[in-house]
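The values are calculated or read from the model by the stated rules, or taken from the named source; none is laboratory data. On a predicted model such as this, the values are computed, not experimentally measured, just so you know. For neighbour counting, all protein chains shown are included, and Cβ atoms are generated from backbone atoms with ideal geometry for every residue, glycine included. These area figures cover heavy atoms from the full protein model, side chains too; ligands, DNA and RNA do not enter into them. Shrake-Rupley method; radii C 1.70, N 1.55, O 1.52, S 1.80 Å.
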Amino acid sequence: MAARRAASSVLSRCLLARPPPPSCPAGKSALLGPGAVLRWFGTAPAAAATEEPIQPAVEIKHTQLLINGNFVDAASGRTFPTVDPRTGEVIALVAEGDSEDIDRAVAAARRAFDEGPWPRMTAYERCRVLLRFADLIEQHADEVAALETWDNGKTLTQSAGAEVPMLARCMRYYAGWADKIHGLVVPADGAHHAQVLHEPVGVAGQIIPWNFPLLMFAWKVGPALACGNTVVLKTAEQTPLSALYVASLLHEAGLPDGVLNVVSGFGPTAGAALCSHMGVDKLAFTGSTGTGQIVLELAARSNLKPVTLELGGKSPFIVMDDADVDQAVELAHHAVFFNQGQCCCAGSRTFVHERVYDEFVEKSKARAMKRVVGDPFRNGVEQGPQIDEEQFKKILRYVQSGVDSGATLLAGGDRAGNRGFYIQPTVFADAKDDMKIAREEIFGPVQTILKFSGVEEVIRRANASHYGLAAGVFTRSLGAANTLSRALRVGTVWVNCYDVFDAGIPFGGYKMSGVGREKGVYALRNYLQTKAVVTPIRGAAWL
């Protein structure tokens, strides 16, 4: 039990693991075979991986749509390529679902909810299915982690050491909730018995992003199933493979047919059809703020289905003047560069007090220039490629914007190597609040450092954003920590830590960073209806 509990925040510990020195050869992986000498990258362009990319030792088993318990082709017969971001080469051709496939999936989910056993079986039996699923995740951990790294580009260390354990932990967390969802009896003003029931909402449509496919699968599917709902899940077109694979394991664990349906496809076709579908009772979406606005509009224009949104961010990371600068530099570095910077809560606005600013800037530059970039399957690599060419080019446009607007480019600023979608770890100093790199979500390995002189000033500047997802505070002062954590208008404040994602800690944003919360008991509310049942009492002994 202790090991399982520890997995809940293993991501935070994974962030702070330091790589071996550049002269050390990487070790050997039981899954992938021999490693290779690592390469370090600074401000000059360099080859991101002169060695041939490692071929993952995992079989691609599922590329079709999962509808009513069966893997099937898209109704149109069309497929699309999912690409290895290390090389730009095709990994596999995946079924391209569209509106007709969404219709089939919603119909299957509706039958499973209205007529099937899932919402009618005991909550304890649903709990047992989810627990068996978590066990299967751990039994197939090597394959799941390899698929995630291959399709996404994140390091195998992160996939295997953090995200697969967190997937299993999250499913066990919601398995534990399944038989603890209950209502209330409310004292009425008169001779009536007033009972409040919490019932599953019905068919849940869920759209997950490409940056954390496994974790977002868990955050959405876990609470929905624990509450007794059925699901139609649309994967991101960039990363369909791991969700299809773990969905097959969930059926192996005993999930009835039609309870979970997975459709791979594109936003304007499959995604829009899911959001607009009159047979969907609830929507959950994680992605960009712009797309979230479209999701909300489509839901409103159809059947006014409730929507949970976990959207973008431009999170401030505040370093006070009493900070241990070395520790602050390391934590701030991981807050922004983790997952190739492709993290909605990345601490990409680094506010540093003027008294420690110069020291912090120099040490941040040195840390970025030592960051290990390369094939994410190689031991010791800290940063893999960006997800695809579109994101790669977008990040480089932001870097050019920073240069053009007068920020000081300290490190990086260019691609790493000449193959795949690798970008050098990039650091800007002397940034101003009105620069694009300080206002807009870059979603890449770009740190923007800004100077401040006092608490009231940094609170005002940190809050002057359309976003409000998360923030970091680094200080030795309990008073400063209390003041900042209460004043910052964000959904999560990490004090002297960052990216701690325990299964029970709610996650979501203020302002244009979203609506509702994921994880914890708060996520259950997204998938439950509240019903009041009132009956008269005659001849009662008491009221």
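The table below lists the values:
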item	result
Residues satisfying the stated conditions in the range 493-513, i.e. open to solvent by 10 Å² or more (accessible area, probe 1.4 Å) and in a strand (DSSP E or B)	493, 494, 495, 510, 511
Members of the range 333-368 found to be of a type in the set (Gly, Ala, Ser), touching a helix residue (DSSP H, G or I) at 6+ places or on another chain (Cβ under 7 Å) and either assigned to a loop (DSSP other than H, G, I, E, B) or open to solvent by 20 Å² or more (accessible area, probe 1.4 Å) (or both), listed by number	346, 347, 348
Flag for residue 431 being modelled with pLDDT of 95 or more and open to solvent by less than 10 Å² (accessible area, probe 1.4 Å)	yes
Qualifying position, being surrounded by 18 or more Cβ atoms within 10 Å (Cβ to Cβ) and at pLDDT 95 or above, among 148, 115, 125, 89	148
Residues within the range 76-86 that are free of Cβ contacts under 8 Å to residues at least 40 places away in the same chain and either in contact with a Leu (Cβ under 8 Å, 6 or more places away or on another chain) or crowded, with 17+ Cβ neighbours inside 10 Å (or both), tallied	2
Unique residue being among the small types (Gly, Ala, Ser), open to solvent by 10 Å² or more (accessible area, probe 1.4 Å) and modelled with pLDDT of 95 or more when the list is 178, 204, 160, 188	160
Subset of the range 406-435 (residues that are assigned to a loop (DSSP other than H, G, I, E, B) and free of Cβ contacts under 8 Å to residues at least 60 places away in the same chain)	406, 407, 430, 431, 432, 433, 434, 435
Some residue of the range 260-269 being out of contact with any Leu (no Cβ under 9 Å at 6 or more places or on another chain), under 19 Å from residue 96 (Cα atoms) and of a type in the set (Phe, Trp, Tyr)	yes
The range 436-450, subset of a type outside the set (Asp, Glu), out of contact with any Gly (no Cβ under 8 Å at 6 or more places or on another chain) and not in a strand (DSSP E or B), residue least open to solvent (accessible area, probe 1.4 Å)	438
Every pair of residues 6+ apart whose Cβ atoms lie under 7 Å, when the first sits in the range 118-143 and is closer than 30 Å to residue 155 by Cβ while the second is not in a helix (DSSP H, G or I) and not hydroxyl-bearing (Ser, Thr, Tyr)	132/253; 132/254; 133/253; 136/253; 142/31; 143/58
Total residues in the range 256-282, condition out of contact with any Asp or Glu (no Cβ under 7 Å at 6 or more places or on another chain), surrounded by fewer than 24 Cβ atoms within 10 Å (Cβ to Cβ) and under 28 Å from residue 467 (Cα atoms)	6
Residues within the range 237-251 that are open to solvent by 10 Å² or more (accessible area, probe 1.4 Å) and not in a helix (DSSP H, G or I), tallied	2
Count of residues meeting criterion [touching a strand residue (DSSP E or B) at 6+ places or on another chain (Cβ under 7 Å), hydrophobic (A, V, I, L, M, F, W, C) and surrounded by fewer than 24 Cβ atoms within 10 Å (Cβ to Cβ)] in the range 465-483	1
Members of the range 151-192 found to be closer than 13 Å to residue 242 by Cα and touching a Phe, Trp or Tyr at 6+ places or on another chain (Cβ under 8 Å), listed by number	152, 153, 163, 167
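Quick grid of which residues meet (1) outside any strand (DSSP E or B); (2) touching a residue at least 60 places away in the same chain (Cβ under 8 Å); (3) at positive phi:
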position: 182; (1), (2), (3): yes, no, no
position: 193; (1), (2), (3): no, yes, no
position: 196; (1), (2), (3): no, yes, no
position: 199; (1), (2), (3): no, yes, no
position: 211; (1), (2), (3): yes, yes, no
position: 214; (1), (2), (3): yes, yes, no
position: 220; (1), (2), (3): yes, yes, no
position: 224; (1), (2), (3): yes, yes, no
position: 228; (1), (2), (3): yes, yes, yes
